[in-house]
Structures are given as C-alpha cells and as structure tokens.
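*Asks:* The structure under discussion is supplied below as structure tokens; questions concerning it will follow.
The values are calculated or read from the model by the stated rules, or taken from the named source; none is laboratory data. It should be emphasised that the depicted structure is a prediction, and the values quoted were computed from it without experimental measurement. Positions of Cβ are backbone-derived with ideal geometry, glycine not excepted, and every protein chain shown enters the neighbour counts. When the accessible area is computed, the model is the full protein with side chains, heavy atoms only, and any ligands, DNA or RNA have been set aside. Shrake-Rupley method; radii C 1.70, N 1.55, O 1.52, S 1.80 Å.
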Amino acid sequence: MSQLNDFLVQIPDKPDVLATRVSNVQAHMAGLKGLVESGTIVMSGPTLVTHPKTANEGLAINGSAWLVRANSEEEVRAIVANDIYAKLGVWDLDKVTVTPFKCAMRKPL
C-alpha cells in the first residue's frame, strides 16, 4: 500500500526513570527531528499524570504520545524501538499501544 496510515501511539514510562528521561531529552529530540521534518511523526510529547496547577509546578511525566504516519504497525514499532528512550529503558516497550487512526480533519501543518 503506497498511502501512509495514521497511528496513535502511547508509550508508557517504566517506574522511576524521570532522571534518565530528563538527562537524555536533547538526544531524544535530536533523534526525532528527521522524523518530524519528513512528516513521519506529526506530533509528539510527554503524557502527564495531571496538568500542573501552577506555573512553578513541574511536569508529572508518565510516558509519551505520538501521532505517526507509516505503512504499518510494524514500522511504527520499529521507530519506537530505535529511540534512545527505548534503548535506555525509559519506555516500557511491553505496554506500548499502537492504534490505527483515520484522521477526518487536520489543520495543515
């Protein structure tokens, strides 16, 4: 199939990995840059336990979420597995969910 499909990806963190996540965020972002520029990753960011109640409160990060354009779920899972967070054990790869998604409306990027 030549047309790319959309996938919602939820990637939970393992317990007690915030320090590893934070100390490697620049490498993680650098690794995503080409995927974002090519349109493979449409959006990405950390998932939160809850939104901060004040500007001074830190983020209670518990994983990551992506919207990915790819040919297959296997391709998406390979992209996830190649990320530095996966290689360093930040993400719980056994609990990743990749959900096929049909975008009906999207603001042009």
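*Asks:* Please go through region 62-109 and give me each residue that is assigned to a loop (DSSP other than H, G, I, E, B), among the hydrophobic types (A, V, I, L, M, F, W, C) and without any contact (Cβ under 8 Å) to a residue 60 or more places away in the chain, ordered by number.
*Replies:* Ala104, Met105
*Asks:* Restricted to region 56-77, and to residues that are among the small types (Gly, Ala, Ser) and under 17 Å from Ile11 (Cβ atoms), which residue is most open to solvent (accessible area, probe 1.4 Å)?
*Replies:* Ala60
*Asks:* Report the residue count in region 1-54 for those that are in a helix (DSSP H, G or I) and β-branched (Val, Ile, Thr).
*Replies:* Result for region 1-54: 4.
*Asks:* Out of everything in region 1-55 that is open to solvent by 100 Å² or more (accessible area, probe 1.4 Å) and in contact (Cβ under 8 Å) with a residue 12 or more places away in the chain, what residue ends up being farthest from Ser72 (Cα to Cα)?
*Replies:* Checked region 1-55; the qualifying residue farthest from Ser72 (Cα to Cα) is Val49.
*Asks:* Next question, about the same structure. Pick from region 88-102 the residues that are open to solvent by 40 Å² or more (accessible area, probe 1.4 Å) and either more than 14 Å from the chain's Cα centre (by Cα) or over 18 Å from Pro12 (Cβ atoms) (or both): which of them is modelled with the lowest pLDDT?
*Replies:* Among those residues, the one meeting the criterion is Lys102.
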